[in-house]
Amino acid sequence: MSPRPCCSKRRCGPCAQISPHFIYNSLNAIASFINTDPARARELVIEFADFTRYSFRRRGEFTTLAEELEAIDRYLLLEKARFGERIKVSLQIAPEVLPTQIPFLALQPLVENAVRHGLEARPDGGVISITATETECTR
């Protein structure tokens, strides 16, 4: 998926792409489980297929927070296959915000950047924290 000219410098919303490195690394992680844990390899293939299906879709420029979080969960499951316990996740999501409309792939690239530029190089890894709450707007 290549970005449209209107947003070639942005990596969010309808112009976001899956990193080729993520694709290669995910496939290598899956391959590493084929002989040692075939059931885990099958599970990861299904998660990879679901994540790429979501990421390549063209159903519009918006999605729900729930759908974006589901894609992020799949992404992190694949990354955990590579990094093991080095990646920890803390989610604090208020149920009432799950149907909120947000730009498609607005959050997943942020999580990917946190893994690639924050946790990947750290020997002990770290924690990815995602919090979503409803606040009252005052005008």
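For the range 115-139, the set of residues classified as open to solvent by 40 Å² or more (accessible area, probe 1.4 Å) and outside any loop (DSSP other than H, G, I, E, B) consists of ARG116, HIS117, VAL127, SER129, THR131, listed by residue number. Among the residues of the range 1-43, those identified as at pLDDT 55 or above and under 18 Å from PHE62 (Cα atoms) are ALA16, GLN17, ILE18. Considering the range 94-104 alone, what residues qualify as being open to solvent by less than 50 Å² (accessible area, probe 1.4 Å) and either in a helix (DSSP H, G or I) or β-branched (Val, Ile, Thr) (or both)? Correct list: VAL97, ILE102. Test GLU85 against the stated conditions and say whether it is closer than 21 Å to ALA66 by Cα and assigned to a helix (DSSP H, G or I). So GLU85 fails the test.
Going by the structure shown, is ASP73 open to solvent by less than 70 Å² (accessible area, probe 1.4 Å), without any contact (Cβ under 8 Å) to a residue 40 or more places away in the chain and either within 30 Å of GLU136 (Cα to Cα) or assigned to a helix (DSSP H, G or I) (or both)? When the stated conditions are applied, ASP73 does not pass them.
Scanning the range 38-65 for residues being open to solvent by 40 Å² or more (accessible area, probe 1.4 Å) and touching a Pro at 6+ places or on another chain (Cβ under 7 Å) gives a total of 2.
The values are calculated or read from the model by the stated rules, or taken from the named source; none is laboratory data. Since we're looking at a predicted model, the values are computed, not measured. Here Cβ is always computed from backbone atoms with ideal geometry, including for glycine, and neighbour counts include all displayed protein chains. The accessibility values were calculated without ligands, DNA or RNA, using every heavy atom of the protein model including side chains. Shrake-Rupley method; radii C 1.70, N 1.55, O 1.52, S 1.80 Å.
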